[in-house]
Amino acid sequence: MVWFRVDDGWHKHRKRIRSGLDLEGMAAQGLWAAAGSWAGDELTDGFVPDDVVDYLAPGVGQNLAKRLESARLWVRTEHDGEQGWQFHQWVDQQPTREEVKAVEAKKSSGGRLGNHRRWHVEAGKVDAKCPYCRVDPSSESHTDRRSDRSTDRTTDQRSESEANRPTRPDPTRPGVQELLPVTVPEDAKLEEVKLPSTHPKLTWSDKQIDVDPAWVAFWAAYPKSDDKPPARRAWIKALREKGVTAEELVIGAQLYRDDPRRSKGYTKNAATWLNAESWNNYKSETVEPERDPDEWWNN
């Protein structure tokens, strides 16, 4: 669902006043709001065909549309051979069709990952058709997946010593990007190499967290880089106490960053976002939008 954004200064904006303060002007503003809702729902990037105008305001739609045109709220145009009206600066002020589709695709990917965690990881099963199942069914660690997700082993074309290195965020898996390299000896044993993201119950310094690839990926994905120290503490606390994985936090940060309904002026600090367990907002198809208070009706 897309929200049609209306600035809280709209009541005093010169374009609204220019459209008229009489009954017909107020009716034109009502048409503008209803058409904005329709365009957002249909993902037309602000284009409203003539027949939709007539549907929204039977008998008076075109006259009201001309009022909006004179106020520079609408522009007469043609789209794919169809005559209609275009919202002024829609792509600057509203989420575009491409942006909405991109967010929907990422949310769908997050949903598939959640299903993988529930039905495969927690159940200790491997589905050959699942893109997230990268476990060798014959590996001994497979039976321990219910109790410890961090013991996953990957199966690929690498050597056995390479494939069975200590688990850490895998840059080939969805949601983990731009990871810093971590040097691990070829003959290292699982208990010899540990990271904050794989062993959050241990005590870690800020410097140790800062070189953990999972933390680096989360911090790079999160849309606000203020107050890093409390963000570190909240990140490790979430891994330690909330039962969330480092990968899920990265994916949640990416979805929050790319959510077209997120207001840049009111983006939560990372610590606030983590303490509120906001990554759960992106595990279902619906996302509670944040109100956009920025004033964008300046042109």
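The values are calculated or read from the model by the stated rules, or taken from the named source; none is laboratory data. A quick note: this is a predicted structure, and the numbers were derived from the prediction, not measured. In this analysis, Cβ positions are derived from the backbone assuming ideal geometry, glycine residues included, and neighbour counts consider all displayed protein chains.
Could you please let me know if A71 is over 22 Å from E99 (Cβ atoms) and of a type in the set (A, V, I, L, M, F, W, C)?
Numbers: over 22 Å from E99 (Cβ atoms): yes; of a type in the set (A, V, I, L, M, F, W, C): yes.
Yes, satisfied.
Among G36, G20, G9, G25, which is among the small types (G, A, S), farther than 17 Å from S70 by Cβ and in contact with a Lys or Arg (Cβ under 9 Å, 6 or more places away or on another chain)? Can you show your working first?
On the way: G20 fails: farther than 17 Å from S70 by Cβ; G9 fails: in contact with a Lys or Arg (Cβ under 9 Å, 6 or more places away or on another chain); G25 fails: farther than 17 Å from S70 by Cβ.
After ruling out the rest, the residue left standing is G36.
Could you list all residues from the stretch 1-54 that are acidic (D, E) and either under 22 Å from the mean Cα position of the chain (by Cα) or buried (at least 20 other Cβ atoms within 10 Å of the Cβ) (or both)? Spell out the reasoning first.
First, pick out the residues of the stretch 1-54 that are acidic (D, E): 7-8, 22, 24, 41-42, 45, 50-51, 54.
The answer is D41, E42, D45.
Inside the stretch 64-176, counting only helices (runs of 4 or more DSSP H) that do not spill past its ends, which hold 1 or more residues that are surrounded by 12 or more Cβ atoms within 10 Å (Cβ to Cβ) and either under 30 Å from the mean Cα position of the chain (by Cα) or at pLDDT 75 or above (or both)?
Details: elements: 90-93, 97-116, 160-163.
Filter on the stretch 64-176 gives 90-93, 97-116.
Of L31, L21, which residue is modelled with pLDDT of 90 or more, of a type outside the set (D, E) and farther than 19 Å from E82 by Cα?
On the way: L21 fails: modelled with pLDDT of 90 or more.
Residue meeting the stated conditions: L31.
In this structure, does A271 turn out to be modelled with pLDDT of 90 or more, part of a helix (DSSP H, G or I) and touching a Leu at 6+ places or on another chain (Cβ under 9 Å)?
Details: modelled with pLDDT of 90 or more: yes; part of a helix (DSSP H, G or I): yes; touching a Leu at 6+ places or on another chain (Cβ under 9 Å): no.
Taking the combined requirement at face value, the residue does not satisfy it.
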